[in-house]
Amino acid sequence: MPTPKKSTSGSKKPLVYGAVIVTAAALLGFASYRATAPGNSSTDTSTTSPAAEVSADPQAGVYPELAKLARRDAGDKLAVGRTDAPVVLIEYADFKCGYCGKFARDTEPELIEEYVEDGTLRIEWRNFPIFGEESENAARGSWAAGQQGRFWEFHAAAYAEGAKEKGFSKDRVKALAQESGVKDLARFMKDLDGEAARAAVAKDQEQAYGIGATSTPSFLINGRPIAGAQPKETFTRAIEAAAEQAKTAAGPGTTEDSEGPSASGDSSGSQDAAK
């Protein structure tokens with residue numbers, strides 16, 4: 001069984017969110033690394049990792065400390081949706097992960113259309129490179145593309161059918177940036193190797209390990225852990241349960257803002273990337 005590569009930057013704090021959080025991650029079944037590794041011969045994720053159980057009780061399986069990991073930062077270039085959306089889906093993923101690509105192509109666009117566009121959902125990306133140097137290149141490349149407002153376009157290009165088979169050497173990452181519409185490629189390459197990109201990726205990676213994630217993709221939906229590229233219905237149930245819980249917590253007499261969603265202030269790029 002392959003062992004995911006952990007970041008060596010900074011001090012390791014595997015219990016940074018408390019023993020209860022690590023226990024929650026284990027109990028709710030972050031899928032085994034074997035099940036979600038892109039080398040797995042099966043393409044049907046429903047048979048390689050168990051479907052996450054989402055109870056009819058909106059509070060069941062939800063851990064408030066995990067919910068606090070949502071950044072809701074209007075300046076976050078690696079997010080799509082309103083900062084005040086009642087539901088936040090955090091995705092920990094690797095561009096070399098086959099099942100991450102399956103989720104990006106098959107499920108995420110539908111979630112954006114159904115829930116992000118009506119203001120219910122915000123999606124926040126976390127780079128979680130676990131497959132070595134090329135994973136790191138792609139992760140930093142996505143961050144660098146984001147600095148020029150092209151993260152979601154880079155995301156779409158890197159997860160396109162056949163993209164990961166071409167690898168993620170620095171030359172290939174540069175080509176993806178050009179394909180994604182990044183205008184200043186010299187700045188992109190400088191950012192790619194810069195300390196800011198390395199620190200941002202390491203921060204996301206440490207957060208993933210801190211909550212006990214050992215495979216990609218792994219998700220949090222308002223503090224509910226979900227592992228693997230599960231069927232769309234699993235995400236739908238979790239999102240709707242979280243939205244209902246948020247509505248209940250807000251209490252009577254509250255009204256929703258009628259303005260449309262935004263991706264760090266502008267949702268147009270992310271919509272193209274999701275198609």
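For region 193-205, the count of residues that are of a type outside the set (S, T, Y), within 21 Å of F131 (Cβ to Cβ), open to solvent by less than 30 Å² (accessible area, probe 1.4 Å) and in a loop (DSSP other than H, G, I, E, B) is zero. Among the numbered conditions (1) surrounded by 16 or more Cβ atoms within 10 Å (Cβ to Cβ); (2) touching a Lys or Arg at 6+ places or on another chain (Cβ under 8 Å); (3) under 19 Å from G101 (Cβ atoms), the only one that L176 does not meet is (2).
For beta carbons closer than 9 Å, sequence separation of 6+ or different chains, a first residue in region 157-179 that is among the acidic types (D, E) and a second that is part of a helix (DSSP H, G or I), the qualifying pairs are E161/G101; E161/R105; E179/E153; E179/F154; E179/A157.
Cβ-Cβ distances below 8 Å connect the following pairs, each with a first residue in region 232-246 that is in a helix (DSSP H, G or I) and open to solvent by 50 Å² or more (accessible area, probe 1.4 Å), a second residue that is at pLDDT below 95 and of a type in the set (A, V, I, L, M, F, W, C), and a separation of six or more residues or different chains: R237/V54; Q245/V62. Would it be correct to say that F154 is under 18 Å from D76 (Cβ atoms) and crowded, with 24+ Cβ neighbours inside 10 Å? Yes: the conditions hold for F154. Look at region 93-120: where a residue is under 15 Å from T216 (Cα atoms) and polar (S, T, N, Q), no partner that is assigned to a helix (DSSP H, G or I) and open to solvent by less than 10 Å² (accessible area, probe 1.4 Å) sits 6+ places away or on another chain with Cβ atoms under 6 Å. Taking into account only those residues within region 206-231 that are assigned to a loop (DSSP other than H, G, I, E, B) and either without any contact (Cβ under 8 Å) to a residue 40 or more places away in the chain or among the β-branched types (V, I, T) (or both), which is farthest from V87 (Cα to Cα)? The extreme case among them is T214.
The values are calculated or read from the model by the stated rules, or taken from the named source; none is laboratory data. Because the structure is a prediction, the values reported are computed rather than measured. We place every Cβ from the backbone using ideal geometry, glycine too, and count neighbours over all the protein chains shown. Heads up: the accessible areas ignore ligands, DNA and RNA and are worked out on the full protein's heavy atoms, side chains in. Shrake-Rupley method; radii C 1.70, N 1.55, O 1.52, S 1.80 Å.
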